[in-house]
Amino acid sequence: MIVAHTVSALCDALHTHRSAGKSIGLVPTMGALHEGHASLVRRCVEENDVCVVSVFVNPTQFNDKNDLASYPRDLQADLRLLESLGAHVVFAPSVEEVYPEPDTRTFSYPPVDTVMEGLRRPGHFNGVCQVVSKLFMFVEPQRAYFGEKDYQQIAVVRAMTTDLSLPVEIIPCPIVREADGLALSSRNALLTPEERTTATAIIRTLRDSLEWKKAMSVEAVQRHVIETIDATEGLRTEYYEIVDGDTLQPVSDWNESNSIVGCITVYCGSRPVRLIDNIRYK
Ligand code: PAF
């Protein structure tokens with residue numbers, strides 16, 4: 001496995017593969033890798049001749065300085081995991097390498113980037129598009145793998161890829177969960193053992209809501225999910241929205257679309273840690 005810290009080392013590592021016509025897959029990550037990332041890497045290794053994994057905590061997508069400062073980092077552990085998974089190239093650049101100059105590009109993809117996370121984290125998706133577009137330019141992958149836990153991120157990256165006419169197939173991969181249902185996230189490392197147990201109420205409630213859907217309106221299910229989670233000590237819902245799976249616009253009736261997803265963000269514990277999750281209704 002080659003570890004490249006600069007764009008030029010990355011290009012050197014990929015040059016021979018590219019000129020030999022090998023297919024290249026990319027898994028963009030911010031490190032602190034867990035089984036969720038591992039599932040993306042396994043799939044990338046399976047479906048491409050060369051699997052590139054980027055490990056870069058992108059400052060431009062954090063609108064909260066404390067969140068950026070506390071984001072977990074452990075490159076050595078990440079490299080051990082990636083080696084064991086058979087990744088071929090790891091790109092682990094510095095901030096200066098990715099942004100030699102401040103990135104002044106702006107990306108705007110309404111309606112998918114104006115709701116939910118887009119509304120609550122101004123600039124977040126702009127930063128995601130800045131870094132992902134650069135990664136796509138550096139690596140020139142045929143396929144790029146993203147976890148469905150960040151459901152909205154996939155829609156935004158898709159819109160950006162279409163907008164920039166980039167020949168990259170965006171491949172969504174299912175959420176990986178702990179045995180008790182908690183969606184794997186690098187942020188889970190910030191939870192105390194007690195908070196970690198409390199957090200399982202999120203997926204329990206979302207799963208219960210699949211039953212509630214049979215007898216309740218969209219609005220009633222939405223309200224009931226929020227009330228149930230907020231009644232759990234240590235949890236506070238930021239939003240729960242039941243949306244069309246493609247446009248991400250709220251639906252008001254279960255028959256309004258063939259693809260309906262519930263997206264939630266919850267603050268957990270005293271720090272607090274911001275957790276996101278989602279569930280598909282149809
Ligand atoms: O999902 C993430 O970890 C990040 O948003 C990504 C796609 C690696 C861009 O920094």
(message) Please report the carbon-and-sulfur percent of the accessible area for region 243-282; probe 1.4 Å, protein heavy atoms only, DNA, RNA and ligands left out.
(response) 44 percent
(message) 7 Å from Cα along Cα→Cβ at both Asp163 and Ser84: what's the point-to-point distance in nm?
(response) 3.9 nm
(request) Report the label-to-label distance for Leu75 and Lys22 in nanometres (one decimal), using points 7 Å from each Cα along the Cα→Cβ vector. (result) 2.3 nm
(request) Determine the gain in length on full extension of the stretch Asn63-Ile171; use 0.36 nm per residue of separation and subtract their C-alpha separation, reporting nm with one decimal. (result) 36.2 nm
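If R₀ is 30 angstrom, what is the calculated FRET efficiency for the pair Met137 and Thr114, using the beta carbon separation as r and rounding to 0.05?
FRET efficiency, Met137 to Thr114: 0.70.
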(request) Can you tell me the FRET efficiency between Ala189 and Asp246 if r is taken as the Cβ-Cβ distance and R0 is 41 Å, rounded to the nearest 0.05? (result) 0.80
(request) May I ask you to give the percent of accessible area on region 47-111 that is carbon plus sulfur, with a probe radius of 1.4 Å? (result) 52 percent
(request) Using a 1.4 angstrom probe, figure out how much accessible area the chain has per residue, in square angstrom, rounded to the nearest whole. (result) 46 Å²
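Could you please put His37, His17 in sequence from largest to smallest accessible area, using a 1.4 Å probe?
Descending accessible area places them as His17, His37.
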(request) Compute the signed sum of charges (Lys and Arg +1, Asp and Glu -1) over the other residues within less than 15 Å, Cβ to Cβ, of Asp113. (result) -2
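The values are calculated or read from the model by the stated rules, or taken from the named source; none is laboratory data. Note that this is a predicted model, so its numbers are computed, not measured. Ideal geometry is used to build each Cβ from the backbone, glycine not excepted, and the neighbour counts take in all protein chains shown. Just so you know, the surface numbers come from the protein's heavy atoms only, side chains and all, with ligands and any DNA or RNA stripped out. Shrake-Rupley method; radii C 1.70, N 1.55, O 1.52, S 1.80 Å.
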